[in-house]
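First comes the structure, then the notes that go with it.
The values are calculated or read from the model by the stated rules, or taken from the named source; none is laboratory data. Quick caveat: nothing in here was measured; it's all calculated off a predicted structure. When we count neighbours, we look across all protein chains shown, and the Cβ atoms used for this are built from the backbone with ideal geometry, even at glycine.
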């Protein structure tokens, strides 16, 4: 997933980003609302982790503005504001969940996973393509019932392509989903991931749509 961490405490932001990247996620960071707004104008994020007390404004007002203009990006608030009335205010403003600092980073991961399941509209999604079964909640791929080891980036590619069977996903869309702003992306990085996926899952698992991108096939 491509995530945006909006947090002005640099040590905490770095710890959060490192923990998310260790799970294979692409992470961008913003230390104020203006930077967050600029990032969100150019990227379709899978989730935003939002602090409320930021140098240039209040996260609640920022969230309300997002929702007013119809932006439904999942938002997890992470803040030191711990009063019940403040939690209710955050959820009423449009947050999908609310974490009070200091929080455990593994709990953060669990809550992010739960938010994404709700956003997908189903608790445990199974995506079957012939002999291939994908289990997004577990980040698992099974071929003929046997688990296949995929690297985090390989999983991210197959997960994104498989979201909408029959729909072509462009290389630019895959790069946006897999890599943060500061990442150096080799020109053939996506092709290399797809090649390794075909070696592991079968040549028909991912189809090339020439001039456009990739879509799911049948393993």
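Residues that are in contact (Cβ under 8 Å) with a residue 24 or more places away in the chain, in a helix (DSSP H, G or I) and surrounded by 16 or more Cβ atoms within 10 Å (Cβ to Cβ) within the stretch 177-214 comprise 177, 178, 190, 193, 194, 197, 200, 201, listed in sequence order. Taking (1) in the same structural domain as residue 156 (by TED's automatic domain parsing); (2) closer than 28 Å to residue 179 by Cβ in turn, residue 56 satisfies each apart from (1).
So which strands (runs of 3 or more DSSP E) stay within the stretch 1-99 end to end and still have 1 or more residues that are at pLDDT 95 or above and within 25 Å of residue 184 (Cβ to Cβ)?
Numbers: elements: 2-6, 26-30, 47-50, 75-79.
Answer list for the stretch 1-99: 2-6, 26-30, 47-50.
Only a single item in (1) closer than 24 Å to residue 113 by Cα; (2) surrounded by 15 or more Cβ atoms within 10 Å (Cβ to Cβ) is not met by residue 14, and it is number (2).
Return the only residue of 52, 47 being touching a helix residue (DSSP H, G or I) at 6+ places or on another chain (Cβ under 9 Å) and closer than 12 Å to residue 5 by Cβ. Lay out the reasoning, then the answer.
Details: 52 fails: closer than 12 Å to residue 5 by Cβ.
Residue meeting the stated conditions: 47.
Scanning the stretch 115-131 for residues that are part of a helix (DSSP H, G or I) and at pLDDT below 90 turns up 116, 117, 118, 119, 120.
Within the set 51, 97, 46, the sole residue that is within 18 Å of the chain's Cα centre (by Cα) and either closer than 25 Å to residue 166 by Cα or in the same structural domain as residue 160 (by TED's automatic domain parsing) (or both) turns out to be 46. Only one entry of 150, 174, 134 meets the criterion of being assigned to a loop (DSSP other than H, G, I, E, B), under 30 Å from residue 96 (Cα atoms) and outside the structural domain of residue 72 (by TED's automatic domain parsing), and that entry is 150. Scan the stretch 63-75 and give yes if some residue there is touching a strand residue (DSSP E or B) at 6+ places or on another chain (Cβ under 6 Å), under 24 Å from residue 136 (Cβ atoms) and in contact (Cβ under 8 Å) with a residue 40 or more places away in the chain, otherwise no. Yes, because at least one residue in the stretch 63-75 is touching a strand residue (DSSP E or B) at 6+ places or on another chain (Cβ under 6 Å), under 24 Å from residue 136 (Cβ atoms) and in contact (Cβ under 8 Å) with a residue 40 or more places away in the chain.
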